Protein chains: 2
Amino acid sequence: MKTIYVNATFFTMDKENQIIENGMMIVQDHTISYIGQHDEQQLADADHVVNLGGKWIMPGLVNAHSHIVMTLLRGIGDDMLLKPWLETKIWPIESQFTTEIASVSSQLGIMEMMKSGTTTFSDMFNPNGIDAGAVMETIGETGMRGAFSYTIFSLGTEKDQKANLMGAEQFSKNYKAFADGRLTTMVAPHSPYACTPEAIMESARIAKENDLMVHIHVSETDFEILDIEKRYGSRPVEHLRRLGLFDQPTVMAHGVVLNDEERAILKQHDVRVAHNPISNLKLGSGIADVVSLLDAGIKVGVATDGVASNNNFDMFEEMRTAALLQKGMYKDATKFPAQTALAMATRMGAEAIGMGHTGSLEAGKKADFITIYPYNKEHLQPLSEAYSHLLYAARGNDVCDVYIDGKAVVKDGRCLTIDEEKVIAETNRLQGTLSR
Amino acid sequence: MKTIYVNATFFTMDKENQIIENGMMIVQDHTISYIGQHDEQQLADADHVVNLGGKWIMPGLVNAHSHIVMTLLRGIGDDMLLKPWLETKIWPIESQFTTEIASVSSQLGIMEMMKSGTTTFSDMFNPNGIDAGAVMETIGETGMRGAFSYTIFSLGTEKDQKANLMGAEQFSKNYKAFADGRLTTMVAPHSPYACTPEAIMESARIAKENDLMVHIHVSETDFEILDIEKRYGSRPVEHLRRLGLFDQPTVMAHGVVLNDEERAILKQHDVRVAHNPISNLKLGSGIADVVSLLDAGIKVGVATDGVASNNNFDMFEEMRTAALLQKGMYKDATKFPAQTALAMATRMGAEAIGMGHTGSLEAGKKADFITIYPYNKEHLQPLSEAYSHLLYAARGNDVCDVYIDGKAVVKDGRCLTIDEEKVIAETNRLQGTLSR
């Protein structure tokens with residue numbers, strides 16, 4: 001099936017940062033086969049020609065770290081420190097979760113992600129009390145792309161911990177290539193503080209034997225650094241390196257508290273960082289030094305974290321905040337220019353989480369793209385400065401259509417793959433059943 | 001005329017932070033005469049009863065510092081340092097402005113403000129080349145509330161400077177109570193670095209003689225502090241105090257670089273601060289210590305600055321950023337809770353800019369309010385956490401209706417007082433005429 005998209009400005013986000021005005025994009029089944037100048041001759045054997053009506057087109061956004069199963073917890077326990085927030089608010093409520101709650105929460109989260117322009121996500125979920133396979137099936141039906149990873153915690157009895165590891169290994173294997181290859185898994189030890197050294201080593205083994213990436217929270221707060229140093233005699237990065245975790249391709253969420261030595265270790269092992277600027281601010285963790293990460297040659301993606309610490313999945317706001325914070329922290333407006341932030345939320349972010357087959361509009365890449373109709377939006381005027389507006393002025397709900405794998409999942413701001421009204425109604429009904 | 005609004009949740013933003021579910025608000029002409037529980041008897045002699053259909057209602061947002069005449073410059077010269085940005089981008093283009101450009105730019109800015117929930121603004125405009133009275137007339141027609149202030153610069157010949165001061169005095173007097181009292185003026189010396197001591201003293205005189213507030217940029221960057229110290233032997237705050245400026249009620253934009261001694265001076269003279277978190281980050285100025293300002297008892301409002309350094313007028317994003325930054329800077333999630341940020345963008349912001357007759361939903365206050373319809377918005381679920389969502393999840397275009405002075409200016413997301421299509425078309429046409 002050959003679909004041709006015409007009459008649009010394409011912001012390719014390729015390495016040359018090409019912008020193609022009045023361009024053409026050809027999608028063969030799920031994949032972009034051509035992007036460039038309009039070529040009338042190509043139209044002859046097209047199965048479909050889609051006139052984009054002068055819209056702006058860019059690759060779908062890539063959210064490198066999220067917790068969609070927690071979407072139902074939005075707004076619960078704001079303005080609290082990380083530890084009491086987790087221990088007195090989030091975990092007690094999460095412990096009541098059922099498969100139904102996890103599925104509806106995931107649908108709500110994905111609906112918000114897709115409608116605000118995100119086409120790929122990398123997620124960690126708490127498997128307790130839920131049938132993770134059933135939730136994965138639900139996610140598959142949404143049309144979303146990404147990795148949904150079963151969290152490994154060293155909690156409870158030895159038996160509990162074994163069951164958790166076995167569950168993680170089974171799930172990671174079974175759903176490694178799911179939903180036509182749109183969905184995958186990573187091995188996800190929660191963090192150096194919530195996993196024993198044995199669980200970290202087991203995680204490394206599972207990742208190695210199954211050729212999977214690792215997804216873990218590391219170096220989020222000053223407290224974590226002190227805690228791990230006290231427990232194990234070294235800071236988190238060195239601790240995990242010694243345990244062999246970084247011998248597997250690893251994405252580490254946060255990286256707020258890092259020194260030069262640690263950045264060198266991350267670079268050496270090609271450990272990637274998922275930067276969560278808003279969550280790091282909201283939980284009082286601080287501001288990650290992303291400029292130094294990039295200077296050290298480390299791959300970085302932008303991420304929202306869960307909406308309980310954000311509190312939305314708007315990647316436009318997230319990448320803008322990422323850019324603004326580095327400028328403010330360095331007191332230098334030239335740091336982290338628009339193209340860096342936009343690349344980090346698209347091509348670079350995709351590469352960071354092992355999804356390099358997406359993230360830019362180039363021949364050979366998957367047809368994951370979003371459209372924006374700017375002509376009636378006052379905050380996107382004047383139109384001539386479109387590239388600037390994509391980073392500095394746009395919001396999630398400027399997104400008009402969303403395509404993943406060549407298929408429309410959002411059209412004119414409505415989700416085609418999820419029953420919006422039903423999910424919202426179920427969200428409120430189910431949230432009411434949780435005791436707090 | 002007695003209009004009664006029923007069937008809504010009212011977030012009053014009064015000092016007690018009252019939330020009234022299924023409440024009632026009575027507006028007598030331009031003013032709220034009752035807000036509280038639904039009272040069926042009141043309906044008998046109402047001229048109009050408006051059923052708000054279960055919406056969330058809050059006071060209109062207050063933008064304490066903007067430059068609407070520059071709205072046409074959105075996206076021009078991103079990622080640059082303040083000085084070259086002003087000198088090589090903004091000022092050369094601004095020097096080509098005409099009354100027509102200034103009027104259209106103001107309409108575009110106000111349209112964006114109103115549609116995203118702002119009902120009051122305090123603005124400084126560059127009067128060069130424009131008929132300021134004509135622009136004020138245009139603003140009057142939009143239904144907006146606020147202060148539009150003629151900037152005093154010590155630029156050009158002595159004659160130019162005199163003309164500028166005379167223009168400012170005349171304008172400030174003539175438009176002090178304009179458009180049924182919705183619009184006013186302040187005396188606006190640009191900054192300690194762009195005004196001579198004489199111009200500052202003249203500003204103080206004009207403010208005193210005409211009973212006007214002062215609006216000025218102060219302590220925005222480290223460079224400014226060094227520059228003023230070098231020129232005048234003291235830091236900006238002390239310099240302005242000595243010149244007598246703070247003997248008038250003053251709103252100072254920015255206040256990024258302040259020490260304890262300076263905060264004590266500001267408190268002593270009741271100088272208020274308009275905090276511009278996004279602009280301060282984007283221009284690399286830094287992060288203002290708002291927690292210390294509040295601890296010192298200083299009145300603070302939230303503001304966007306102009307969209308050339310923001311790049312939108314979304315006050316939801318702005319107040320959220322204000323809250324997030326203090327938490328991140330202090331590494332303490334409990335700092336600057338939701339109610340502080342929401343108050344600063346409503347009641348406290350209004351008080352800071354001398355508009356205390358607005359900013360909360362209370363009997364006796366002007367009927368400036370906005371409505372949000374949350375039921376079909378995934379990022380505002382679950383509904384039970386509404387108060388949290390207003391700060392941490394909402395965006396400007398969640399706003400449904402906007403009322404100023406008891407009159408609807410936006411209905412279902414459409415501006416009733418401005419021809420949206422015409423203003424957008426004119427914006428693009430006029431921007432194309434400017435040489436860059």
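Residues that are part of a loop (DSSP other than H, G, I, E, B), open to solvent by 30 Å² or more (accessible area, probe 1.4 Å) and more than 10 Å from chain A (Cβ to nearest Cβ) within the stretch B:407-435 comprise B:Asp412, B:Leu416, B:Thr417, B:Asp419, B:Thr433, B:Ser435, listed in sequence order.
Only one of the listed residues (B:Ser191, B:Ser172, B:Ser203) is part of a helix (DSSP H, G or I), within 25 Å of B:Arg235 (Cα to Cα) and among the hydroxyl-bearing types (Ser, Thr, Tyr). That residue is B:Ser203.
In the stretch A:234-252, the residues that are among the aliphatic types (A, V, I, L, M) form Cβ pairs under 6 Å with partners that are in a helix (DSSP H, G or I), at six or more places apart or across chains, as follows: A:Val237/A:Glu262; A:Val237/A:Ile265; A:Leu243/A:Pro197; A:Leu243/A:Ile200; A:Leu243/A:Met201; A:Leu245/A:Ile200; A:Leu245/A:Ala204. Within the stretch B:290-317, the set of residues being surrounded by fewer than 23 Cβ atoms within 10 Å (Cβ to Cβ) and within 14 Å of B:Ala341 (Cβ to Cβ) comprises B:Val291, B:Leu293, B:Leu294.
For the stretch B:187-207, a tally of residues being polar (S, T, N, Q) and surrounded by fewer than 19 Cβ atoms within 10 Å (Cβ to Cβ) returns 1.
Among the numbered conditions (1) outside any loop (DSSP other than H, G, I, E, B); (2) out of contact with any His (no Cβ under 8 Å at 6 or more places or on another chain), the only one that B:Ala64 does not meet is (2).
Residues are listed down the side, and each one gets a yes or a no for (1) farther than 24 Å from B:Glu16 by Cβ; (2) modelled with pLDDT under 95; (3) not in a helix (DSSP H, G or I):
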{"site": "B:Gly301", "(1), (2), (3)": "no, no, yes"}
{"site": "B:Phe313", "(1), (2), (3)": "yes, no, yes"}
{"site": "B:Met319", "(1), (2), (3)": "no, no, no"}
{"site": "B:Ala323", "(1), (2), (3)": "no, no, no"}
{"site": "B:Gly356", "(1), (2), (3)": "no, no, yes"}
{"site": "B:Gly364", "(1), (2), (3)": "no, no, yes"}
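From the list A:Ile90, A:Ile139, the lone residue that is surrounded by fewer than 23 Cβ atoms within 10 Å (Cβ to Cβ) and either small (Gly, Ala, Ser) or more than 12 Å from the chain's Cα centre (by Cα) (or both) is A:Ile90.
Screening the stretch B:330-354 for residues that are of a type in the set (A, V, I, L, M) and assigned to a loop (DSSP other than H, G, I, E, B) and picking the one that is nearest to A:Lys282 (Cα to Cα) gives B:Ala333. Scanning the stretch B:193-223 for residues that are touching a strand residue (DSSP E or B) at 6+ places or on another chain (Cβ under 8 Å) and of a type in the set (D, E, K, R) yields B:Glu202, B:Glu220. Condition first: open to solvent by 30 Å² or more (accessible area, probe 1.4 Å) and within 20 Å of the chain's Cα centre (by Cα). Can you find one or more residues in the stretch B:151-169 that meet it? Taking every residue of the stretch B:151-169 in turn, none turns out to be open to solvent by 30 Å² or more (accessible area, probe 1.4 Å) and within 20 Å of the chain's Cα centre (by Cα).
Selection of the stretch A:113-146 for residues being closer than 15 Å to A:Asp180 by Cβ and either touching a residue at least 24 places away in the same chain (Cβ under 8 Å) or among the aromatic types (Phe, Trp, Tyr) (or both) yields A:Thr119, A:Thr120, A:Met136, A:Ile139, A:Gly140, A:Glu141, A:Thr142, A:Gly143, A:Met144, A:Arg145, A:Gly146. Restricting attention to the stretch A:114-131, report how many residues are in a helix (DSSP H, G or I) and either open to solvent by less than 10 Å² (accessible area, probe 1.4 Å) or over 23 Å from A:Ala408 (Cβ atoms) (or both). Total satisfying the criteria: 1. Looking for something under 25 Å from the mean Cα position of the chain (by Cα), among the β-branched types (Val, Ile, Thr) and open to solvent by 10 Å² or more (accessible area, probe 1.4 Å) - is there at least one such residue anywhere in the stretch A:23-44? Yes, the stretch A:23-44 contains at least one residue that is under 25 Å from the mean Cα position of the chain (by Cα), among the β-branched types (Val, Ile, Thr) and open to solvent by 10 Å² or more (accessible area, probe 1.4 Å).
Considering the stretch A:270-289, the residues that are away from every other protein chain (no Cβ under 14 Å) and more than 20 Å from A:Gly109 (Cα to Cα) include one that is surrounded by the fewest Cβ atoms within 10 Å (Cβ to Cβ), namely A:Asp270. Candidates A:Ala134, A:Ala64: the one that is crowded, with 24+ Cβ neighbours inside 10 Å, on the phi < 0 side of the Ramachandran plot and among the aliphatic types (A, V, I, L, M) is A:Ala64.
From B:Leu155, B:Leu183, B:Leu212, B:Leu226, which residue is assigned by TED's automatic domain parsing to the domain that holds B:Lys267 and modelled with pLDDT under 95? Of the residues listed, the single one that is assigned by TED's automatic domain parsing to the domain that holds B:Lys267 and modelled with pLDDT under 95 is B:Leu155. Within the stretch A:354-387, the residues that satisfy the criterion of being of a type in the set (S, T, N, Q) and open to solvent by 10 Å² or more (accessible area, probe 1.4 Å) are A:Asn376, A:Ser384. For the residues B:Gly364, B:Gly396, B:Gly356, the requirement of being free of Cβ contacts under 8 Å to residues at least 40 places away in the same chain and either within 14 Å of chain A (Cβ to nearest Cβ) or not aliphatic (A, V, I, L, M) (or both) singles out B:Gly356. Of B:Thr99, B:Thr71, all but one fail to be open to solvent by 20 Å² or more (accessible area, probe 1.4 Å), within 25 Å of B:Arg429 (Cβ to Cβ) and within 23 Å of the chain's Cα centre (by Cα); the exception is B:Thr99. Just for the stretch A:67-83: of the residues that are within 14 Å of A:Thr304 (Cβ to Cβ) and in a loop (DSSP other than H, G, I, E, B), which one is farthest from the other protein chains (Cβ to nearest Cβ)? If we take residues in the stretch A:67-83 being within 14 Å of A:Thr304 (Cβ to Cβ) and in a loop (DSSP other than H, G, I, E, B), then A:His67 is farthest from the other protein chains (Cβ to nearest Cβ). Out of the stretch A:170-186, which residues are surrounded by 19 or more Cβ atoms within 10 Å (Cβ to Cβ) and of a type in the set (D, E, K, R)? Listed by number, the list holds a single entry, A:Arg182.
Among the criteria (1) closer than 19 Å to B:Leu380 by Cβ; (2) open to solvent by less than 10 Å² (accessible area, probe 1.4 Å); (3) modelled with pLDDT under 95, the one A:Asp79 does not fulfil is (2). In this structure, B:Ser292 does not qualify as modelled with pLDDT of 95 or more, within 14 Å of chain A (Cβ to nearest Cβ), out of contact with any Pro (no Cβ under 9 Å at 6 or more places or on another chain) and part of a helix (DSSP H, G or I).
The values are calculated or read from the model by the stated rules, or taken from the named source; none is laboratory data. All of these numbers come straight from a predicted model, not from anything done at the bench. Using ideal geometry, Cβ is built from the backbone for each residue, glycine included, and neighbour counts are taken over all protein chains shown. The protein model used for the area step is the full one, side chains on, heavy atoms only, and it has no ligands, DNA or RNA in it. Shrake-Rupley method; radii C 1.70, N 1.55, O 1.52, S 1.80 Å.
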